[in-house]
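Contents: one structure, followed by commentary.
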Amino acid sequence: MDQALLLIQAYQTWIYLVLAVAFVLYARNAGLWWRTYRRSEFGLERERARRRIARAGVMGVWVALVAGLTFLAATVLSPSVPAALRPTPLPTVSLLATPSTPAPPDGAPAATALPEAALDASGCLNPSATLTFPTDGSDLSGSVSIQGTADIPNFAFYKYEYIELAAGLPAPGAVWRAISAGTTPVTAGDLGAWDTTLVIPGDYAFRLVVTDTAGNAPLPCVQRVRVLPGG
C-alpha cells in the first residue's frame with residue numbers, strides 16, 4: 001500500500017494528463033451523440049443516442065472520481081508514508097576512482113595529514129553501524145569479504161571507504177576513497193567486498209559510514225588494516 005501511494009505521488013502529473021485526455025474524449029463523444037439525438041426523428045435512433053450519452057456521462061464521472069482519489073492519495077495519504085520507505089538516491093561509486101592532488105607551487109607549505117580524530121575507532125562501539133571484519137590490525141590480500149552491521153533508524157544507505165596511512169596517520173593529501181555502497185540494511189552479515197589488488201600494498205584505514213534518510217550519519221567505524229602484496 002505504501003509503495004502504491006509513493007508511485008501515485010511520483011507519477012501524479014502523468015495520471016492527471018491521461019485522465020484529462022480521457023475526460024475530453026468522453027465529453028466530445030457525449031456532445032456528438034447529443035447532436036445526433038436532437039436531429040433524430042425515429043424513436044429507436046433517439047434511444048440509441050440517449051444510451052450513448054448516458055454511457056459517456058458515466059465514464060466522465062468515473063474519470064473525475066479517479067482524479068479526486070489521485071489528488072487525495074498524492075497530497076493527503078502519501079506524506080504519511082514513513083521516511084524509511086522512501087527511496088534514497090545511491091551515490092555513484094567507482095572502484096577505479098583515484099582522486100589526484102595537484103602538486104603545491106614552489107614555496108607553498110606542504111600538505112598536512114588529517115587529525116588523529118579522523119581515525120577515531122569509537123564509532124565501532126555502535127552496534128547498529130559497525131564492522132566485524134576487517135578488524136583493527138587485520139592483514140588483507142586479494143578480494144576481502146566485508147562483514148558487519150548497517151541498520152540504523154530510518155536507514156538510507158551505507159558505504160565503505162579507505163585512506164592511505166603514513167606512520168599511522170592519513171598520508172599528506174590523502175582523501176577517503178569510496179569502494180562500494182549498499183541500500184539494503186544488513187545485520188551481522190555481508191556488506192560487500194574489497195578487491196585489495198586494486199591498491200598499492202601498505203597501511204590503510206578502512207571505515208564504514210551509515211547514513212539515514214535525513215542525511216545524518218553516526219560516527220563511522222574506522223579500522224587500521226594492512227594490504228599485503230599478491231592476491
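Kindly check whether there is at least one residue in the range 113-124 that is outside any strand (DSSP E or B), modelled with pLDDT under 80, crowded, with 16+ Cβ neighbours inside 10 Å and under 24 Å from the mean Cα position of the chain (by Cα).
Scanning the range 113-124, I find no residue that is outside any strand (DSSP E or B), modelled with pLDDT under 80, crowded, with 16+ Cβ neighbours inside 10 Å and under 24 Å from the mean Cα position of the chain (by Cα), so the answer is no.
Taking the conditions exactly as written (modelled with pLDDT under 95 and within 18 Å of SER145 (Cβ to Cβ)), does THR197 satisfy them or not?
So THR197 fits the description; yes.
Test SER94 against the criterion of being at pLDDT below 50, out of contact with any strand residue (DSSP E or B) (no Cβ under 8 Å at 6 or more places or on another chain) and on the phi < 0 side of the Ramachandran plot, and give yes or no.
no
If I ask for residues that are without any contact (Cβ under 8 Å) to a residue 60 or more places away in the chain, touching a Ser or Thr at 6+ places or on another chain (Cβ under 9 Å) and either of a type in the set (Gly, Ala, Ser) or loosely packed, with under 14 Cβ neighbours inside 10 Å (or both), which ones from the range 178-196 would you list?
Once the filter is applied, which keeps residues that are without any contact (Cβ under 8 Å) to a residue 60 or more places away in the chain, touching a Ser or Thr at 6+ places or on another chain (Cβ under 9 Å) and either of a type in the set (Gly, Ala, Ser) or loosely packed, with under 14 Cβ neighbours inside 10 Å (or both), the range 178-196 yields THR187, ALA188, GLY189, ASP190, GLY192, ALA193.
In the range 31-54, is there at least one residue being under 49 Å from the mean Cα position of the chain (by Cα), crowded, with 16+ Cβ neighbours inside 10 Å and farther than 21 Å from LEU72 by Cα?
First, the residues of the range 31-54 that are under 49 Å from the mean Cα position of the chain (by Cα): 31, 52-54.
The next check asks that each one be crowded, with 16+ Cβ neighbours inside 10 Å; those that pass are 52-53.
Retained after the next criterion (residues that are farther than 21 Å from LEU72 by Cα): 52-53.
Checked the range 31-54: at least one residue is under 49 Å from the mean Cα position of the chain (by Cα), crowded, with 16+ Cβ neighbours inside 10 Å and farther than 21 Å from LEU72 by Cα.
Could you say which residue among ALA166, ALA156 is aliphatic (A, V, I, L, M) and crowded, with 19+ Cβ neighbours inside 10 Å?
On inspection, the qualifying residue turns out to be ALA156.
Would you tally the residues in the range 19-30 being loosely packed, with under 13 Cβ neighbours inside 10 Å and either within 30 Å of VAL76 (Cα to Cα) or in contact with a Leu (Cβ under 8 Å, 6 or more places away or on another chain) (or both)?
Matching residues across the range 19-30 total 3.
Looking only at strands (runs of 3 or more DSSP E) that lie completely in the range 145-231, which have at least 1 residues being of a type in the set (Val, Ile, Thr) and under 18 Å from ALA121 (Cβ atoms)? Give the steps one after another, and end with the answer.
Values: elements: 155-166, 177-182, 186-195, 202-212, 221-227.
Filter on the range 145-231 gives 155-166, 202-212, 221-227.
The values are calculated or read from the model by the stated rules, or taken from the named source; none is laboratory data. Just so it is clear, the model here is predicted, and its values are computed rather than measured. Glycine gets a Cβ as well: all are built from the backbone with ideal geometry, and neighbour counts include every protein chain shown.
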